[in-house]
Amino acid sequence: MEHNIRDLLDDYTEEEIPLRSRRSPRPETVQKRVEARLFPGEASAPRRPARSLLRTLRALPAAALLLSLLTVTAYAGLSSLLSERVYTPEGAREELILNLGAPESPEFQAALDWEQRREALDLAGENDIGLDQPEPGSQEALYAQNGAFTQAAREALDGILEQYGLTMAALLSPFQEPEELYALTGRDGFLPPAGQPGQDPWTGPDPNIPGAEHQILLPSGALYEGGSLTYSGYALLSGGGTVPYDLTLIANGRFLAGAGIITRGDGFEEWSLTAQDGTALTLDLGSGQAFVEARLANGAVFLFVRAGAEPPDEDTDIGRVAAYSGFPPLTREMLEELAVSFDYAALNALCIG
Amino acid sequence: MDDALILQKLRAGDPAGLGAAIETYTGYVGAVIANQLRRRGSREDIEELTANVFVSLWENRLSIRSGRLRGWLGAVARNEGRSFLRKNRLLTVSPEDVLLISGDVAEKLLERDEARRLLWEAVDSLTEPDREIFLRYYYYDQSIPAIARDMKLHREAVKSRLRRGRDKLRDMLEREEGPFHGA
C-alpha cells in the first residue's frame, strides 16, 4: 500500500525548526495586502501582474519542461544524471534513458562503479561518519566529499580506488568567478570570456520576479588537488549572447565521485573538431543540451552545455526555464566557437597528476 | 509582542495584534510558502499566499486553541502553498515521497487518519537530527542543498539520513513497533 508522506504531514504542527528564504516578502507588503482584504478603504494592495507565471508553465511544451528539469539536475551534479525520473506538472512520469558517453578511462570507470554501489552502501553500515562537517583536508573530508559515509562505503571506495589505481582529489578551494580560479592556479584566461552579469537573460535578474536580486544561475566552481576542477559559468559568444556551461576537468590518476560521468539522451548530432593547439574534440548537439569532450595528455575535459538546437519557447519564462527566454537556439557554429574558446593546453598543464 | 499578547489582542478584535503577527511571522510564513512553491510561483504569488495566511489568522482568531502561533501559521502556510500547487496542477510526486507499506498493518492503514496519526508519531520518535532533516524535506519542502546549508551538513549526509529515516519509518509502520506499538 502506498502512502504519500507529504500528504500525511498535512496539518502536522512544527514549532521549532528555523526557516528562512530570500524570497520571503517584506512585512509591510503583506500588511498592505491584508489590510486591503480585511479593511478595504484603509489601504491599497499591490496589483498582481497581468501575466501569470503559472499560466506560462501550463503552456510549456513537454520538451522545454524536460529541458528545464534536466538542466537543473545537471546543476546539482553530473552524477545525478545517471538515471533521472522526470515528473510533468500533471504527474505523468517519464523516465529519461541516459546513455553513458564518456571515454573508457579509469577515472570514469571508477566513478561509474562508485555511483552504482554507493547508494546501497550508504545504508549498509552502522558507523555513520558523515553527520558532522569533517576537518578540511582530513581523510574523513575526502571520504565525505565523495559520498562515503559508512565504514562499508569507505572500504568499498578504497577497493575501487585500488582497482583503478586512483587517489582521491582533495578540495583545495571553491571559487565563483574565473578570475578567482586564475588567481588560484597562477594561469590566466584558459576559460572563455564570461558574460557580463546582469546584461542578458542568462545572467541578469530573473525577469519574472520584479525586484529579484538573485541571478538565474550563480557561477561557481571548485579546484581540487592535482588540478581537477569543476565550474558552472557562462561563456560570451561573438554574437553577444552568453551560453551557460558546466566544465569538469579530471586529472589522470585522480578520483572525483561523479565528476567523470557524462550522460546524454538520444537524438544527438556528433562530430569531431580540432582545437587550435591540436586537441581533438568530440561535440554532441541535442535538442536541449550539448556536450564537448576532450582527452588531454594529463586529464580529460567534459563540457555540459545548457542549451540545445531547439529554439527556446518565448513563453517559457518561469523559474528554471526563465534562463532560456530570448536566447537563440544553439547552432553547430556556436557550439564549435564555445568548444575552441577553452585553452586546452593550459587545462592540461593544470593536471599535474 | 509575544504570542500570548498577540493572541489576546487578536481575540479582542484589535488590528494591532494582527500587525504584530505580520511583523513577527512574515519571514517564517513567507519562507514556508516560498519553499513549497520553489520556482513554480512568482514573488507576487508568494506575497499573496502569505497575505492569505494572515487573513486566515484574523478570520479564525477566536477558534485558535494553541497558545503558540508559529505552529498554527506554519501549518496554514504549508497548506496554502500546497493548495496553490494542487489547484494549478503543479503538485508533483516523486518516488521519495511514497512510503510503501506491506504486511499485516497495511490493512489498518487503509484509514487515512490512522496512517496520518501513525506517521506523525513515527516522525516524532525519530532522533535528532534525523527528525529535523525529515521535516525540513517533507514538511517544509526544503531542497537537500538548502538543508545541508542550514544545518551545516554535507549534502550526502542529508541524503543518507533521509533514506535512513524513510526506511526506519516504513519499518516501524510495518512492524507496528515504537511509539504506536499495540495501537
Can you tell me which residue is nearest to A:Arg22 (Cα to Cα) among those in region B:56-75 that are assigned to a helix (DSSP H, G or I) and within 8 Å of chain A (Cβ to nearest Cβ)? B:Gly74
So, in region B:144-178, how many residues would count as being facing chain A (nearest Cβ under 9 Å) and over 17 Å from A:Arg118 (Cα atoms)? 9
Going by what's in this entry, would A:Leu330 be described as modelled with pLDDT of 80 or more, part of a helix (DSSP H, G or I) and buried (at least 22 other Cβ atoms within 10 Å of the Cβ)? no
Inspect all residues belonging to region B:11-26 and state whether any of them is without any contact (Cβ under 8 Å) to a residue 12 or more places away in the chain, in a helix (DSSP H, G or I) and more than 8 Å from every other protein chain (Cβ to nearest Cβ). yes
Name the helices (runs of 4 or more DSSP H) wholly inside region B:77-183 in which the number of residues that are touching a strand residue (DSSP E or B) at 6+ places or on another chain (Cβ under 6 Å) and at pLDDT 70 or above is 3 or more. none
Number of the condition not met by B:Val53 [criteria: (1) surrounded by fewer than 23 Cβ atoms within 10 Å (Cβ to Cβ); (2) under 13 Å from B:Glu80 (Cβ atoms); (3) more than 7 Å from every other protein chain (Cβ to nearest Cβ); (4) among the β-branched types (Val, Ile, Thr)]: (1)
Filter pass, A:Gly227 being at pLDDT 80 or above and over 22 Å from the mean Cα position of the chain (by Cα): no
Check A:Ala141 against each of (1) within 11 Å of another protein chain (Cβ to nearest Cβ); (2) exposed (fewer than 15 other Cβ atoms within 10 Å of the Cβ); (3) at pLDDT 60 or above and name the one condition it does not meet. (2)
Select, from B:Arg38, B:Arg65, B:Arg43, the only residue that is without any contact (Cβ under 8 Å) to a residue 40 or more places away in the chain and under 21 Å from B:Ala146 (Cα atoms). B:Arg43
Any residue in region A:333-353 that's buried (at least 17 other Cβ atoms within 10 Å of the Cβ): show its pairings with residues that are in a helix (DSSP H, G or I) and not polar (S, T, N, Q) at Cβ separation under 7 Å, as long as the two are six or more apart or on different chains. A:Leu350/A:Gly227; A:Cys351/A:Gly226; A:Cys351/A:Gly227
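The values are calculated or read from the model by the stated rules, or taken from the named source; none is laboratory data. Just so it is clear, the structure is predicted and the values come from calculations on it, not from any experiment. All Cβ positions, even for glycine, are placed from backbone atoms using ideal geometry, and neighbour counts span all protein chains on display.
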